[in-house]
Amino acid sequence: MAVSLKYSLHGKSSYVLGKPILIAFDLENSSSTDLWILKWYTPLEGIKGKIFEVTCDGEAIPYEGRLVKRGNPAEDDYVLVHPGSSAHAEFDLSEAYSLRECKECRLKFKGRIHDVVVDGQHIPHAADQHVSVEVPGEPLLFRIEKVPTK
Amino acid sequence: MASKDSNLDLFVGLEFSKRNYKASDPQKLDFSITNESNKDIQVLKWHTPLEGLKSDMFRVETAGERAVYLGPIYKRGAPTEDDYITLKPGETVGAKVDLANAYDINRPGTQNVKYKTEHLHAGAEEPKTLTKSLMKGKVAPAVTVKSNTATCTLVESRQPKTLGGVEVRLARKLSSEKGLPKAKAEKTSFSSCSQSRQTDLATALTKAVQIAAAAKSAVFNASKCAQYSAPRYREWFGKFKQSRYDAVKNHYDKIHDALANKDITFFCDCADGNTYAYVYPTKPYEIHLCGAFWNAPMMGTDSKAGTLVHEMSHFNAVAGTDDHVYGQSGCRNLANSNPDDAVDNADSHEYFAENTPVLSMAGSPGSIIKVTDFWRSMPSGFAGSFDAALNGGGPFSGKCYFFKGDKYIRYDWANDRADSGYPKSIAANWKNLPAGFKSNFDAAINGQGPFSGKCYFFKGDKYIRYDWGADRADTGYPKPIAGNWRDLPSGFKDKFDAAINGGGPFAGKLYFFKGDSYIRYDWQTDRTDPGYPKKTADFWSCMPPGFTGDFEAALEGDKQFKGRGYFFKGTNYIRYSWAEDRAEE
């Protein structure tokens, strides 16, 4: 299966502590076929697991959001991504992490997509048939400040 | 039986129906409570046989070992008035219970049985008042209670009970006080849960405690051999590594403790049909149940009980697990490809605890191999049944020698084959051997530490010393083994079967084997270590059947085989890994 995917994270260079920390996630299909992507445990469904590594000036910030045990996915847990285009989602990091002021907050998506299906094959896959894919991408760096800088 | 103690309110009497029991017998115990005071006393029937054997209310000991309770465990709210019984002054109530049914009593011998009086709740007050104090966590009775110890003898072994396919035995390491399932008037709270869901959850929690206890028992009681090779551990957590194994032990200890003892709040507030449950890792012990949970079976794969194990493992205060992968096949792959993640994965813990399909937690014994299958070019007559084996020292390093009768052969470790031109006569080639020490050795060993450069040959109750550098036996020998090898325990002063130097974590020690036992000698202190002899089968892991004693020769591996110990018997041998401390497959 010629699956080629990469992710990217986009956001501001600086956020205000206590306000939402909105970050965009894109998962690009860089292969030549349509792909069905299981949204589970990816930012495409919001934050529902320890899917990120978050450090604040080098120190790990523990995850405080939900950890969800799933059964089998439904069809609409998948999203179709055409070659060259991306699945896009935005999330508020502050909903799942107790962030604090820091010069360099580093956000890294761990990169695991739990099931990727080439278009034409039947979806959904039962959980035990899932084929996970590790997707490359760059971490996002930003500041978190107590008051907005002028 | 009645006590004359004037301060006594209640006397709990225990008496077995007979003195001796056979394995197939029920062990009926007569339990009675007598009101020794001059006032009415209310006794809560909970944790007494008056309501049956429904909690771990007895201490059953055989030779200092506690039998594990395997009966039901009930999670309860507040007792009602019906749960109390009124005892008038002088009145006695009683009930019979079968201890063999609820406790894993399998060892023959004398049993001492005590009732845990601290679990008895009673008082002169009204039931309502007593309930209030119970709910405040005051379990100890407000009255003085005494009890006797009942004694009986199990005259033969009984089949041990199993939990989830694992022999529970006396899980004493874990059970010391808090380990195994025990009754606790813990409060389980529910939010938005219907009565039937509350009932379901209470059952699921009871089962979760059981499978968590069985999982804990499995990892805590596994022999070293089992830790390395048990299919159940391998399946879900992958290749053995001490730090990972310790983490898993710690996890089940905490998961079990949390399920059994912590105040859990269940939220029935999530309808999603594809989701079983969720938690927030920083919010112990709040568990949110979703649609898929209610359709799950009580036990087995992805069951209600297993889901509670899974969720409990997530809390940072418990095991802090993640969801790296889910599903059985995902977890099996993870165990293979990334065991570090497997021991941090919630579903892996769930599946190990559910143990469906059932996998064994028993170890696989090491392999018995024919000498001539792997020791190459062994000359005729030297296919086995050696008297002794020894590595060469000094100018003869890289070689090893096998002795048999009055002949010996030489083996080259690097070439991994026997040198040609052998066997040769011992007497003609090992110089200056004293009379009586030219054949039929019992064992041979190289000296270490202060005794490096020497080797020793043992025969009967004497030994000689050979110097590798001078290539001749030292004068002044043979000497008696007893006295010159210090602190040898009785029975270990002559006629050794084999001797081998320890490697890896056991370097600097020398082991003498005889029959089914061995002793350990320390080269530095030049003394036998205290605490020996021990049974070889008990401390040498994964020794296959037939290879737990009566060895004929033993040899340390060298060159590419360093770190291994070889034990020979007849025409076979086994290989022992010092680093893994087990016989290898």
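Report the residues of segment B:49-68 in range of a label on B:Glu91: point 7 Å along Cα→C-beta, backbone N strictly under 20 Å from it. Of the residues in segment B:49-68, B:49-52 have backbone N under 20 Å from the label point off B:Glu91.
Cys residues of chain B that find no other Cys beta carbon under 4.7 Å: B:Cys152, B:Cys331, B:Cys400, B:Cys455. Inter-label distance, B:Glu51 to B:Glu584: 5.8 nm, where each label sits 7 Å from its Cα along the C-beta direction.
Taking every lysine pair in segment A:27-147 that is 8 or more places apart or spans two chains, those with Cα atoms closer than 12 Å amount to 5.
Considering only B:Ser55, B:Pro284, B:Phe31, and ranking their Cα positions along the charge dipole of chain B that arises from unit charges at the beta-carbon of Lys, Arg, Asp and Glu, the one farthest toward the positive end is B:Phe31. Rounded to the nearest 10 Å², what accessible area does B:Lys495 have for a 1.4 Å probe in the complete protein model? Approximately 130 Å² of B:Lys495 is accessible to the 1.4 Å probe. Ranking B:Ala383, B:Tyr456, B:Gly393 by how far each Cα lies toward the positive end of the dipole of the protein assembly as shown (charges on Cβ) leaves B:Tyr456 at the top.
Working from label points 7 Å from Cα in the Cα-to-Cβ sense, the B:Lys438 to A:Glu90 distance is 9.9 nm. The residues packed around B:His314, meaning those with a beta-carbon under 13 Å from its beta-carbon, carry a net charge of -2 if Lys and Arg are +1 and Asp and Glu are -1.
The alpha carbons of segment B:249-317 occupy a box of 32, 25, 16 Å along the principal axes, longest dimension given first. Between the beta carbons of B:Asn38 and B:Lys224, assuming R0 = 51 Å, the FRET efficiency works out to 0.25 to the nearest 0.05. Rounded to whole Å, the principal axis extents of the Cα atoms in segment A:5-145 read 48, 32, 22, largest first.
Relative contact order of chain B: 10 percent, from C-alpha pairs under 8 Å at least 6 residues apart in sequence. Taking Cα atoms only, the orientation of helix B:328-337 departs from the longest principal axis of chain B by about 30 degrees. Under 5 Å between amide hydrogens, built in the peptide plane, is the criterion, and for B:Met298 it picks out B:Lys304 among residues at least 5 positions away or on other chains. With the cut-off at under 20 Å, measuring from each backbone N in segment A:26-47 to a point 7 Å along the Cα-to-Cβ line of A:Leu80 picks out A:27-40, A:44-45. Which FRET efficiency, nearest 0.05, do B:Ser196 and B:Ala271 yield, Cβ-Cβ r, R0 22 Å? It comes to 0.85. Using the Karplus relation 6.51 cos²θ - 1.76 cosθ + 1.60 with θ = phi - 60°, the per-residue 3J(HN,Hα) values for segment B:559-576 come to 6, 5, 10, 4, x, 10, x, 10, 10, 10, 7, x, 9, 10, 8, 10, 10, 10 Hz, with x marking Gly and Pro.
Compared with the direct C-alpha span, the chain from B:Asp340 to B:Gln560 gains 76.3 nm at full extension, assuming 0.36 nm per residue.
Just how large is the dipole of segment B:338-433 about the Cα centre, in debye to the nearest 20, putting +1 at every Lys and Arg Cβ and -1 at every Asp and Glu Cβ? Present the calculation step by step, with values, prior to reporting the outcome.
Numbers: 9 positive and 12 negative charges, 279 e Å.
Around 1340 debye, computed over segment B:338-433.
Under 16 Å from a label point 7 Å along Cα→Cβ of B:Ser17: give me every residue in segment B:88-122 with its amide N that close. In segment B:88-122, the label zone of B:Ser17 (backbone N under 16 Å from the point 7 Å along Cα→Cβ) covers B:94-103. For B:Ser425 and B:Ser490, the FRET efficiency from 1/(1 + (r/R0)^6), where r spans their Cβ atoms and R0 equals 35 Å, is about 0.45. Here the 3J(HN,Hα) profile of segment B:542-549, calculated from phi with Karplus coefficients 6.51, -1.76 and 1.60 at θ = phi - 60°, is 6, 5, x, x, x, 10, 10, x Hz, Gly and Pro shown as x. On a 0 to 90° scale, report how tilted helix B:242-261 is relative to the longest principal axis of chain B, with both axes built from alpha carbons and the result rounded to the nearest 10. Once rounded, one gets 20 degrees.
In whole Å and largest first, what semi-axes does the C-alpha gyration tensor of the protein assembly as shown yield when each eigenvalue is scaled by 5 and square-rooted?
Values: eigenvalues 635, 410, 90 Å².
Whole-Å semi-axes of the equivalent ellipsoid: 56, 45, 21.
Basic side chains Lys and Arg get +1 at the Cβ, acidic Asp and Glu get -1 at the Cβ, and with that the dipole of segment A:5-145 about its Cα centre reaches some 400 debye.
Partner chain Cβ atoms within 10 Å, averaged over the residues of B:271-278 - can you pull that number for me? Could you put the intermediate results ahead of the total?
Details: counts 0, 4, 3, 10, 7, 4, 5, 8.
The mean count of partner-chain Cβ atoms within 10 Å per residue comes to 5.
For chain B, the spread of Cα positions along the three principal axes, ordered from largest to smallest, is 97, 64, 39 Å. For segment B:298-360, a simple Cβ point-charge model (Lys and Arg +1, Asp and Glu -1, everything else neutral) yields a dipole of about 220 debye relative to the Cα centre.
The values are calculated or read from the model by the stated rules, or taken from the named source; none is laboratory data. Since we're looking at a predicted model, the values are computed, not measured. For neighbour counting, all protein chains shown are included, and Cβ atoms are generated from backbone atoms with ideal geometry for every residue, glycine included. Calculation scope for accessible area: heavy atoms of the full protein, side chains included, ligands and nucleic acids excluded. Shrake-Rupley method; radii C 1.70, N 1.55, O 1.52, S 1.80 Å.
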